[in-house]
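The next block holds one structure in the form of structure tokens; read it before the comments.
None of the figures in this text is laboratory data; all of them are computed from the coordinates on show. Quantities reported herein were computed from a predicted structural model and do not represent experimental measurements. Note that each Cβ is placed from the backbone with ideal geometry, even for glycine, and that neighbours are counted across all protein chains shown.
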Amino acid sequence: MAQPKSAKAPQEPWRDPAAKPFVHIDNVTKVFDTTYAVDGVTLDIYQGEFFCLLGGSGCGKSTLLRMLAGLEQPTSGRILIDGTDMTRVPPYARPVNMMFQSYALFPHMTVEQNVAFGLKQQKHGKGEIRERVDGLLELVRMMPFARRKPEQLSGGQRQRVALIRSLARQPKLLLLDEPLAALDKKLREHTQFELVNIQERVGTTFIMVTHDQEEAMTVSTRIAVMEAGRIEQVGTPASVYEYPASRHVAEFIGAVNSIEGRVVAQEGERLQIRSESLGCDLVMVHKQPLPEGTPVTVAVRPEKLVASEQAPAIVYNTVKGVITDFAYLGDVSIYLVRLPTGQQMRVQLTNLARLTENPLTWDQEVYLSWLPDSGVVFPS
Amino acid sequence: MKRRRPFLLFTLLAFGYAFLYVPIISLIVYSFNVSRLVTVWGGFSTRWYGELLHNDQILSAAWLSLRIATMNATLSVILGTLAAITLVRFGKFRGRTLFSTMVSAPLVMPDVILGLASLLLFVTMEHLIGWPAGRGITTITLAHITFSAAFVTVVVQSRLSQFDISLEEAAMDLGARPWKVFLLITLPIIAPSLLAGWLLAFTLSLDDLVIASFVAGPGATTLPMVVYSSVRLGVSPQINALATLIVATVTLCILLAGWLMHRQETLRRRAPVIDIS
Amino acid sequence: MTTRATINGSARNAGEWLGDLLTGHHGRRLVIALPYLWLLVFFMLPFVIVLKISLAEVLLGRPPYSPLWQYLEDSTVQIQLHLDNYRRLWEDPLYFIAYLKSLKIAGISTLVCLLLGYPMAYAIARTRDSLRNLLLMLVILPFWTSFLIRVYAWIGILKSNGLLNNLLLALGVIDHPLALLHTDFAVYLGIVYSYLPFMVLPLYATLSRMDLTLLEAAADLGCRPWKAFLRVTLPLSLPGIIAGCMLVFIPAVGEFVIPDLLGGPDSLMIGKVLWTEFFSNRDWPAASAVAVVMLVLLVVPLALFQRAQEKSEGKPPL
């Protein structure tokens, strides 16, 4: 999709053990009163990345971002940016800028005064400030609105002003706190791509906080999924989606069918699982050895399931059920299938042909099947 | 909603406004009365305005009151703003309850108590440390600040509590040191409430008879004290003229403020929000 | 946090240093300390002194009261407490009647203010935006003009040959002028008139903040408008009612100007008694004792008001 070209750089620095991280978060903990907002987080982020902190509300992602900005002080741990310890450096002395969720545009200043604010604090010459502000306004096509006050702008315009204001000082690192949350869906999708474009052009390292997994997948080079102050998984969008590290990650990113079962046998990478809730045995690919009897959860994405009216050729990973509900979404259709055991399965089918009537409908019996390598097994 | 209810409601509203304004209007009308008898209409005249402008006692009292009111308002705004910042921004600290009690009590404390208490304080202070020496403009101003600062605090507090903290964070993030953040961001944004607080403190001081009577020395006579002694002797058309001037000034100020706000509104409307992207 | 910061190791100029000092950790203390100390010295301390002097004896001289303690030659301190002032307050029915009358007049005036002010605030809060600001401004405007002069205006209206009597005579309602001025009625009128804005403003503040969909929800659930008002609007506006009532009641108890200018000899309110003790009798200790007892009477209303202010933290009712 919109993966920035620079990030697709062949080396992929996080795979290279010799690469020097640009931002090094070292065992950082933040305690508010008695609650651990951020709990022992260690994270490396590399130059030029578009990194996403993804998680539900209250997972500590915003607190972590505010500690990077210097707006909160870690209770313990260190934060290094470009090799310098920034842990106790106040926000105004950091080579870091932040774009706020509320945009925090100064209501008493015009657009250009807002953008110039950061530069004026650095004592640049008048002409230089003028030139840079104009360049930035040009970048987001806001030149005609330079003399407007923030209240005279639309939501999308404010968002762009907030972005260039935080870019004006040419920070080494740009922090974005839910930058698109206040926009409506259509504008948000458009802006996601624009954000990636701008990041490529300015080449700054971006760290963005979001609760929207689709947004995170669209823009980022890597994603860190956070839960209860801890990082559950760090990886590229594809690896986090296809190889979730835990059931929580699997369920947080995209929809998933979770099937409970017990290991009955393992031959090499092939794991045989007996599931009461499914009423049959499953065969899944799993690299780590698991002893017999281990309770496990199998996670299979809805689009990995195949639905057919006739029994498929394969004998394992096949169940029969009745369609209880379906939704036609245009590009895809979602079916809810109830198995005789009561387990509900979610199936997503791509609508390849143009149709006026769905081939599958309520109360119809269907077979569901999937391949051994199309799901993930978690010991529960 | 039912149709009949608003009718009763608006009758009451109209009655309320009539109640508030009939006395003021009668004051204004009779200030142009030629007759000394304030309530008998003898014809139109502006002679009382002329006499008022040549009444040295009233003029010098007014000048004293204006000076006190200005000093009081300025110092009250500083003190009240600090108190408001303390209440809104500093969360819990030792002695907060006592502090917020001391801020809100002057709003309602009867004038006679405030006046007596302030006077006894000044007398005791003079006795112990020799300051303030005697009573007059200084003691009146000090006593006024204590209660007008409480009003300023309420006004500024309500604005400050709506203040979006992320504006200050953004400024600091963009490289402004905390004191510059206050000067460039916080102060300009809360400025209207400071102005409102200043005007309120100014009016409260200009209006006060009781506290000033307690703490004023023989040399200092404020405008309300002159008005009071002349009113005690009976009605006087000069006081009507003075009242008219005060009402006119206040109305003018409010109309000006209203016009300025209206103009800003139309300027904003004239630049419609168009997203050309 | 800020004072600890060192930037580039370069020397900071004096202005920045001062600025950081003011906004840093010490600055915070300074910001608290200044108004705190001011209020302690100029608001709290005076009450202690009032209490002290209320226990003294009146003397001819400067200051006109006896010292509370004296240093004797053998380095002991002699403390003399005179409770005579309080005994007099208790024994002389004049004071008792004045206190009672003040509470009664303030109480009834507060009730009238509420009955008149609530519908006004309600109506203002429910009118359309453009009109609302004008109506609100009209409530505030009298507040900005001189209080003394507005009370004075009533003299002209209530006099025996004043506006009201002339009007009633002309209409033939009465055949000889009524005695309106220098009566309790005039005092009630004056207090309600002067304090009405103090009632309307906090009521308006709570009513305008109220979520109108609550009433729609009540109506949707089958509640009749009048019942919806009693069950939803009234309880929700209670903080405004308390604040407004205290803003009227407390200062009205100690009111001096209104009973002095509009009241008769029998409408003796305690504020006027205090004034007379102080200015006419030059009896500072007695005036102090009157003030102390008045404060004790007002402790409960003051606490109520303080609680209303604390609760509405950030959005004060005024």
Discussion item. With n ≥ 4 as the cut-off for DSSP H runs, can you work out [θ] at 222 nm for chain C, using -39500 (n - 2.57) per run divided by the number of residues, rounded to the nearest 500?
Written reply: -21000 deg cm²/dmol
Practice prompt. Using Cα positions and a limit of under 22 Å, work out the lysines in reach of A:Lys123, with same-chain residues fewer than 8 apart set aside.
Written response: A:Lys172, B:Lys180
Discussion item. Please give me the summed charge of the neighbours of A:Gly321: other residues whose Cβ is under 15 Å from its Cβ, Lys and Arg +1, Asp and Glu -1.
Written reply: -1
Worksheet item: Projected area of region A:100-169, taken from the Cα convex hull and averaged over every viewing direction, in nm²?
Response: 4.2
Worksheet item: Under 5 Å between amide H atoms, partner at least 5 residues away or on a different chain: which partners does A:Asn317 have, H built in plane at 1.01 Å?
Response: A:Val283
Fill in: Listed residue (C:Cys223, C:Leu203, C:Leu295) projecting farthest to the positive dipole end of region C:84-311, Cβ model
C:Cys223
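Just add up the charged neighbours of C:Gly254: K/R +1, D/E -1, any other residue whose Cβ is under 10 Å from the Cβ of C:Gly254. Provide the component values of the computation, followed by the final result.
Working: positive: C:Lys272; negative: B:Asp111, C:Glu255.
Once positives and negatives cancel, what remains is -1.
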Item to complete: Please identify, among C:Gly156, C:Gly264, C:Gly240, the residue showing maximal mean-square fluctuation in a Gaussian network model of chain C using a 10 angstrom Cα cutoff.
Response: C:Gly156
Discussion item. Hydropathy at least 0.5 by Kyte-Doolittle, axial extent at least 15 angstrom from the Cα trace: which helices of chain B, defined as entire DSSP H runs, fit?
Written reply: B:4-31, B:56-89, B:96-108, B:111-129, B:137-160, B:187-207, B:237-270
Response to the item:
Whole-Å distance linking the alpha carbon centroid of region C:104-158 with that of region A:103-153 is 47
Item to complete: Before rounding to the nearest 500, sum -39500 (n - 2.57) across all DSSP H runs of length at least 4 in chain A and divide by the residue total; then give [θ] at 222 nm in deg cm²/dmol.
Response: -6500 deg cm²/dmol
Worksheet item: Which of the lysines could a cross-linker span from A:Lys304 if the Cα-Cα distance has to be under 24 Å and same-chain partners fewer than 8 positions apart are dropped?
Response: A:Lys287, A:Lys320
Worksheet item: Of all trypsin sites (Lys or Arg not before Pro) in region A:53-99, which ones are in loop regions per DSSP and have a Cβ with at most 16 other Cβ atoms within 10 Å?
Response: A:Arg88
Worksheet, complete the sentence: Taking every alpha carbon pair in the protein assembly as shown and sorting the distances into 20 angstrom bins from 0 up to the bin holding the longest one, the percent per bin comes out as 11, 31, 29, 19, 9, 1
Worksheet item: What is the sum of charges around A:Asp16, taking Lys and Arg as +1, Asp and Glu as -1, for the other residues whose C-beta is under 14 Å from the C-beta of A:Asp16?
Response: 0
Worksheet entry | Selection of trypsin sites (Lys or Arg not before Pro), region C:226-285, meeting DSSP coil and at most 12 other Cβ within 10 Å | C:Arg282
Discussion item. Looking at the calculated P(r) for chain C, what percent of the C-alpha pair distances fall above 39 Å?
Written reply: 37
Worksheet item: Regarding region A:158-218, what is the average projected area of its C-alpha convex hull, in nm²?
Response: 3.9
Worksheet, complete the sentence: Here the Kirkwood hydrodynamic radius of region A:255-379, Cα-based and in Å, equals 15.1
Worksheet item: Counting only Cα, what are the radius of gyration and maximum Cα-Cα distance Dmax of chain A, in Å?
Response: 24.6, 76
Worksheet item: What per residue convex hull volume, in Å³, do the alpha-carbon atoms of region A:110-247 yield?
Response: 128
Discussion item. Can you compute the radius of gyration and Dmax for region C:166-226, using only the Cα atoms, both in Å?
Written reply: 21.2, 58
Worksheet, complete the sentence: Ranked by GNM mean-square fluctuation in chain C (Cα springs under 10 Å), the top entry among C:Trp284, C:Trp154, C:Trp38 is C:Trp38
Discussion item. Over 20 Å apart: what share of the alpha carbon pairs of region A:188-333 falls there, rounded to a whole percent?
Written reply: 62
Response to the item:
Sorted largest first, the C-alpha extents of region B:54-163 along its principal axes in whole angstrom are 51, 37, 23
